Structure formats: C-alpha cells, structure tokens
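Since the structure comes first, as structure tokens, the remarks are kept for the end.
Every number here is computed from the coordinates shown, using simple stated rules; none is lab data. Every value quoted in this text rests on a predicted model; they were computed, and no experiment measured them. Heads up, the Cβs are rebuilt from the backbone with ideal geometry, glycines too, and the neighbour counts pull from every protein chain shown.
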Amino acid sequence: MGDAPAPERTTARAPFAPWDRRDLPGMFDVAETARRVGNYKWAEMKLFEALGGWIATVPELDVKMRLGTHCYHHAWHAELWHKRLPELREMKPERLTQPANEAMVRFMDAMTEPEAPELTIEKLVGAYRVLIPRFIAAYTYHRNNTSEITDAPTIRSLTFILQDEIDDWRDGEMMLQSLISTEHDVERAAAHQARLEAIMVEAGGIAGPGTIGPTTVMNGGSPTTDSTTEGDA
C-alpha cells in the first residue's frame with residue numbers, strides 16, 4: 001500500500017512573515033524622495049557652513065567647542081544625503097542639491113546675518129530654536145510616512161541623523177538658557193526668532209510647502225487643504 005500523496009497547498013503564502021506588518025507603498029515616489037533629499041542636503045550644508053563660520057566669531061569658549069562638534073554632525077548629514085541621491089535617480093546630485101524655494105534662501109541669509117561677537121544669542125536662536133527644530137519635524141514626518149521596505153536606506157539615514165539633530169537641539173537650548181539672563185536678552189531672542197519663523201513659514205519648511213504634510217491655506221476666510229500629493233513634484 002503506497003504512501004498517500006501530500007496535499008496541495010491551497011493558499012498562497014503571504015509576502016511577509018506574520019509578525020511583519022510593514023506596508024509596501026509609502027507616501028513618496030522616487031522623484032519626490034529625491035527632491036526632498038536634495039533640499040535636505042542643501043539645508044544641512046548651509047547649517048554646516050554657518051556653524052563653522054561662527055566658531056571664529058563667538059567669544060564664549062564653551063559655545064565654540066559645541067559648535068565645532070555640531071558643525072561636523074551637519075557636514076556628515078550632508079554627506080549621507082549626497083550619497084543617497086545617486087541611488088534614487090540617475091542624475092547628478094548637484095542638480096538636486098538646491099533650496100526648496102526662494103524663501104529658504106532668504107531664511108538662510110537672515111539666519112547668518114548676525115556676525116558681531118556680541119550676537120551669540122541671535123546666532124544660536126536661528127540654529128537651535130528655528131532651523132534644527134524644523135529639521136527634526138521634516139525628518140520625523142519623512143521617516144513615518146515612507147515605505148519601510150522600498151525606502152529602507154533613507155529610513156536608516158533618517159534614524160541616524162535624527163538622533164544627532166535631537167542631541168544638538170538639546171545642547172543648543174542649554175547654551176541659550178545659560179546666555180539669556182536678562183529681560184533684554186529675552187527680548188533679543190524672541191524678536192530674532194519671530195523674524196526667522198515668519199520667513200520659514202513663508203518657505204513652508206525645509207522641503208517647502210508640504211514638508212510635514214498637506215498645507216492648510218485660507219481661501220476667502222475659510223481654511224482649505226492643499227490637495228497636492230507628495231508624488232506630484
């Protein structure tokens with residue numbers, strides 16, 4: 001009496017293990033990811049240049065030392081994004097390394113405008129209370145909304161970079177709190193932050209409007225949502 005034939009498998013295996021609940025599609029197509037990464041690289045390079053330039057002008061030794069460390073962080077971030085660009089699209093990275101829009105250029109010009117040695121507060125406010133928090137928001141949104149399968153290399157870079165950004169933001173806030181000691185200092189910091197925030201809002205964020213999701217605009221007094229999708233860029 002022969003062995004009974006093995007029963008045929010009647011259900012196809014799932015593409016992922018039962019414990020793997022990642023979604024294949026993300027919010028960004030290749031072109032949109034490349035555009036965002038190019039904007040990230042441009043902004044990281046500009047922050048690297050700003051911090052490096054301030055090292056020579058700030059009189060506080062402790063601030064100099066932290067700026068030197070953070071300067072290296074942002075240079076490395078720009079390098080990571082530079083290496084990611086060729087993997088995303090067959091084109092020169094330099095063509096994608098650009099600001100999101102003209103308002104971002106004006107923001108960087110305004111952030112680096114304070115040069116005098118006595119303007120350490122203004123320098124730190126621009127970097128640590130405006131720009132770096134925007135990096136954290138943009139990178140967090142991107143990491144949470146891209147595909148964990150098809151865009152895993154970008155997620156890996158975002159994870160490393162976000163840790164630096166959060167650590168640097170904490171250091172910068174500690175430095176600012178140690179420098180702001182009078183009502184006049186508070187007014188200086190608040191005025192400079194308000195000026196820079198207004199330009200950043202106009203820019204729409206590190207990667208322009210939609211940096212952290214669909215934008216809401218006022219249309220005749222009523223809020224409307226910009227319907228532009230992330231993959232339309």
For this session: Calculate one ³J(HN,Hα) per residue across the range 103-110 by plugging θ = phi - 60° into the Karplus curve 6.51 cos²θ - 1.76 cosθ + 1.60, and present them in order as whole Hz with x for glycine and proline.
Result: 5, 5, 5, 5, 4, 4, 5, 5
Problem set entry | Packing rank of 179-191, 200-212, where each peptide gets the mean count of other beta carbons within 10 Å, highest leading | 200-212, 179-191
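Of GLU148, GLU32, GLU115, how do they rank once you tally other Cβ atoms within 10 Å and put the fewest first?
Details: GLU148 14, GLU32 20, GLU115 11.
Listed from fewest to most nearby Cβ atoms, that is GLU115, GLU148, GLU32.
Rounded, prolate or oblate: which one fits the range 30-210, using the alpha carbon gyration tensor with axes a ≥ b ≥ c (rounded when a/c is under 1.5, else prolate when a/b beats b/c, else oblate)? Mind showing how you got there, number by number?
On the way: a/c = 2.01, a/b = 1.80, b/c = 1.12.
Verdict is prolate for the range 30-210.
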Exercise. Karplus couplings for the range 40-57 from phi (6.51 cos²θ - 1.76 cosθ + 1.60, θ = phi - 60°), rounded to Hz, Gly and Pro as x?
Worked result: 4, 4, 4, 5, 5, 4, 5, 5, 4, 5, 5, 4, x, x, 6, 4, 7, 10
Seminar exercise, completed: Most exposed to least, judged by fewest other Cβ atoms within 10 Å, MET27, MET45, MET65 sort to MET65, MET27, MET45
Seminar exercise, completed: If unit charges are put on Cβ atoms (+1 for Lys and Arg, -1 for Asp and Glu) and the dipole of the range 165-204 is taken about its Cα centre, the option from ALA198, GLN177, ILE166 lying farthest towards the positive end turns out to be ALA198
Problem set entry | GLU148 long-range amide H proximity, modeled H, under 5 Å | ASP23
For this session: Please arrange VAL125, VAL130 by counting, for each residue, the other beta carbons lying within 10 Å of its beta carbon, fewest first.
Result: VAL130, VAL125
Problem set entry | Proximal lysines to LYS92, defined as alpha-carbon separation beneath 27 angstrom and excluding residues fewer than eight positions away on the same chain | LYS41, LYS46, LYS83
Problem set entry | Alpha-carbon centroid distance for the pair the range 92-164 / the range 179-213, whole angstrom | 14
